[in-house]
Structure formats: C-alpha cells, structure tokens
1. Which net charge results for the neighbourhood of Leu148, defined as the other residues with beta-carbon distances under 14 angstrom from its beta-carbon, given Lys and Arg at +1 and Asp and Glu at -1?
2. If DNA, RNA and ligands are ignored and the probe is 1.4 Å, what is the ranking of Phe178, Phe171, Phe186, Phe83 by accessible area, most exposed first?
3. Multiply the residue separation of Ala46 and Ala261 by 0.36 nm, subtract the distance between their alpha-carbon atoms, and state the gained length in nm to one decimal.
4. What ³J(HN,Hα) values, in whole Hz, does the Karplus curve 6.51 cos²θ - 1.76 cosθ + 1.60 give for the stretch 91-104 when θ = phi - 60°, with x put for Gly and Pro?
5. Distance check, please: which entries in Lys57/Lys151; Lys264/Lys330; Lys161/Lys194; Lys71/Lys95; Lys194/Lys330 exceed 29 angstrom between their Cα atoms?
6. What list of ³J(HN,Hα) couplings, whole Hz, do you get for the stretch 171-178 from phi and the Karplus terms 6.51, -1.76, 1.60, once you set θ to phi - 60° and write x for glycine and proline?
7. Taking only protein heavy atoms and a 1.4 Å probe, what accessible area per residue, in Å², does the stretch 92-188 have with all protein chains in place?
8. Using amide H atoms built in the peptide plane, which far-off residues or other-chain residues are under 5 Å from Val69 H to H?
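The values are calculated or read from the model by the stated rules, or taken from the named source; none is laboratory data. Note that the structure is predicted; figures quoted are calculated from it, not measured. Counting neighbours? That spans all protein chains shown, and the Cβs are built from the backbone with ideal geometry, glycine included. Remember, those area values only see protein heavy atoms, side chains included, never the ligands or the DNA or RNA. Shrake-Rupley method; radii C 1.70, N 1.55, O 1.52, S 1.80 Å.
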Amino acid sequence: MAITATENDGVSLTTDKISYDLVETDIEIITSGRRRIPAHSGVLAAASPVLANIIEKPRKSHGGSSKRVIKIVGVPCDAVSVFIRFLYSPSLTEKEMESYGIHLLALSHVYMVTHLKQRCTKGVGERVTVENVVDVLQLARLCDAPGLCLKCMRLIHSKFKTVEQTEGWKFLQEHDPFLELDILQFIDDAESRKKRRRRHRREQNLYMQLSEAMECIEHICTEGCTLVGPSSNLDSNMLKPGPCSAFSTCYGLQLLIRHFAVCKKRVVGKGCIRCKRMIQLLRLHSSICDQSESCRVPLCRQFKQRGEKDKKMVEDTKWNVLVRRVASAKAMSSLSQSKKKKSEVLLKEEAEDFIRIRKTKGF
C-alpha cells in the first residue's frame, strides 16, 4: 500500500488489491504539521476500538469541510501516515520500524491496535541501545509493554556504568526518582539472585564431591584399590585392581585412611584435623548406608547405633539436611551413570549390528 500527497495537501491511499479515491473517503486525519490524510471510517473502526468510539460520536466539521475530522498529534506526520497505512494493510518495512518504531508503539497503545503493538514491541526491543534505553524504558512503562520493560532493565543492569553517563539517565534522576528507584531495586534483586545461584552451584558441587567420596570409600573398603583395601584382599595373593575412575578423590581418601590408621594424636586424644575429617566422612557414610549389617566400611555399624541414641543432638537438623542432599546427589549420580552405560551399550550394539550387516552383504 502506498501513501501519496495530493495537490490540495491530501493523501491518496492505495493497496495492491483496492484503490481508495478521495471521493470515497468520509474522514480526515489531521497531524501536527497540519497534514490531512483522507481515510475511510469503516476501515479505521474495524482496526481500532478507540477510533471506532471517536467515529461514533456526533460529527464535527473542520475548516468548512463536511468530513469527519480526527486529530493525531504529538508524533511526526510521517509516523501517522505509516500508522494509518498499517490499519489498511498490516505491513511494516525495516526502514519504517527503524525511523518510527517508538512513535508507532505509542500510537498502537493509545488506539489499541494489538497487532501493531506486538510488532513494535519486538522491533523496538531489537533496536534498543545504551543511549536510548532509558527513554525506551519510560515509553514501555507508559505503553504497558512488560516484555520490553524487562529487556531494558536487563540492559541497564548489564551496562549500568555506561548508562549512568547518558543524558537519559541524568534526566531520569531529575524528573522521575521513582523509576530510578525501581531500576536500582531491580539491579539489587538481580545481584542477589546471581549470588544465590552461585551459592547454590557451590553447594551442589560440594554435595557431588561428598557423594563421590562416599562411593570411593565403599569402593576402597569393599573392592580394594591401589594403596589400601579389605583385609581379605591384602592377605591373599590376588592382584588389586587399578585406580578407579575418580582417581583424585580415591587417592586422597586412601592417604586419609592410612593416616587415620596410624595417627598417634588421635590415639592419645590430642586431636587431629585430618582424623576428624575422616570421622565425619565415616559418619556421613553411616547415615547414608542402608546395608550396615553387611557393610565393610569401618565404624559404620557403630555410628548407626550411636545415631539412634543421640537423635536429640543440637546439630541433628543441619546434619540431616546434609545427609538428605548428599543422598540425593548420590542417587542423581547413579542415575546419570546408568543412563550413560545404557547409551554406551546401545551404541556398541548398533556398531556390532552395522559390522554384521556389512559382512553379510560382502562390503
């Protein structure tokens, strides 16, 4: 659809399928620059409920003209022309969005043109910059565009040092302190969420490490490893298996177990940090282990019996939370490992089938 000026400063509206002559128009849109855009009341009323309400009001003449008149001011004349053309044929070019996107967003909100508002919200959001982000944010709040508001807030948060130097931010500080407070509150909340996520990741990593340590303790005390292992394996001439997949954790626990077995500070009661750490690991294993009768990890049964007697200890609540989370991490680790093994088995079977088919076909 094209919009062309006429000799009497009017506008002719033309689409690919329909041509509207000035004789057929029954309404005029007057812009800030006194430009007159002829239009059809039926088209405008169908596209905008606000324009429909205006059209239904009693007719008023303007400048001796018998046509109904609607004033759309406060935006550039070309933006109004693009807006009216959109009501006839819903299409926008990239150049028009670049030049009039902000104005069209305001018009689409005021006149409740939902489709245009969605297009402008997306288009303006794609073109928001550090220089105009404050202005776009103010407009987005006025136009009830929460998605665009959130995008502007995130950009301000990520580039706050630069945004502080812009004229828009300085104007905001002088004329809209409530919006400034909302922005600062958003930044503070975002930083708090980021800290919580980091703390949660650190906690999850700790639980996964403790879960891996529990598996290594069971592996060392049941199957044996490179340095220490069950007495049945040590007394026989059987060769011990090589290092497990979690070698760094397994090797550190083996050194800790050997120290725990020969430490003299622990025996005389002077206290030893490494021994206390080992006792905590053994106690954690006992809290998770569900096979205490047949478990070969040292002190497992003793900690089970002691735990039943000391249920009213002060640290039981925190300890129980730790036990539950480590047990959950262990279950998730076992589940992921089982899925990985199944996928490896399936890949191996597919490879064998592929080789078998090639052999049968003589490839």
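1. Computed value for this residue: +4.
2. Phe178, Phe171, Phe186, Phe83
3. 68.7 nm
4. Here the 3J(HN,Hα) series is 8, 9, 8, 4, 5, 5, 5, 5, 7, 10, x, 5, 5, 5 Hz.
5. Too far apart for the 29 Å limit: Lys57/Lys151; Lys264/Lys330.
6. Listing the rounded values in order: 5, 4, 4, 7, 10, 9, x, 5 Hz.
7. It amounts to 56 Å² per residue over the stretch 92-188.
8. When sequence neighbours closer than 5 places are left aside, the close amide H contacts are Glu28, Lys60.
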